1. Could you say whether any residue in region 69-76 is surrounded by 10 or more Cβ atoms within 10 Å (Cβ to Cβ), over 14 Å from the mean Cα position of the chain (by Cα) and either on the phi > 0 side of the Ramachandran plot or not in a loop (DSSP other than H, G, I, E, B) (or both)?
2. Residue 87 versus (1) surrounded by 17 or more Cβ atoms within 10 Å (Cβ to Cβ); (2) assigned to a strand (DSSP E or B); (3) in contact with a Lys or Arg (Cβ under 9 Å, 6 or more places away or on another chain): which is the lone unmet condition?
3. Go through the residues of region 112-125 one by one and say whether even a single one is over 20 Å from residue 13 (Cα atoms), touching a Leu at 6+ places or on another chain (Cβ under 9 Å) and crowded, with 17+ Cβ neighbours inside 10 Å.
4. Say whether the condition of being surrounded by fewer than 16 Cβ atoms within 10 Å (Cβ to Cβ) and closer than 27 Å to residue 15 by Cβ is met by at least one residue in region 96-111.
Amino acid sequence: MRTQQYKQSAGVVYNLHFHLVWCPKYRKKVLIDAVGTRLKELLYEKAAALDIEIEAMEVMPDHVHVFVAPHPLHAPQFLANQFKGYTSRVLRQEFPHLRSQLPTLWSRSYFIGSAGTVTAATIRHYIEHQKTRS
């Protein structure tokens, strides 16, 4: 198990993790073989361009899971839009069958969950008891 790592940038110390999940339009099972392999490559490329660490990824035939450690400047919706937009454009250019099978590669929806090292209850308790600390 990985130990808690804080990252630093100008004026901020952070430890953020997001779990993103999204699906092809109509949940079609098109993320297979060369398409799935290329999708992984593209996600790593985009993450590198955004200076985001991908800690885990799995491409299933009908959905994608990505676990990322972004900088706090990047809102979760920004990450989802960047990953989906970039991969859709490139995959549809490189694999013409995707253009003929689907009006758009990705559905408009996605899931984002945050992951942390402490629970919400622990944070609430910590904040509520600040005045009683010495």
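Nothing in this text is a laboratory measurement; each read-out follows from the coordinates by a stated rule. Keep in mind that this is a model prediction, so the values were computed, not measured. Cβ atoms come from the backbone with ideal geometry, glycine included; neighbour counts cover every protein chain shown.
1. no
2. (2)
3. No, region 112-125 has no match at all.
4. yes
Table: residues versus (1) closer than 28 Å to residue 116 by Cβ; (2) of a type in the set (Val, Ile, Thr).
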residue	(1), (2)
36	no, no
39	yes, no
46	yes, no
51	yes, no
55	yes, no
59	yes, yes
62	no, no
68	yes, yes
72	yes, no
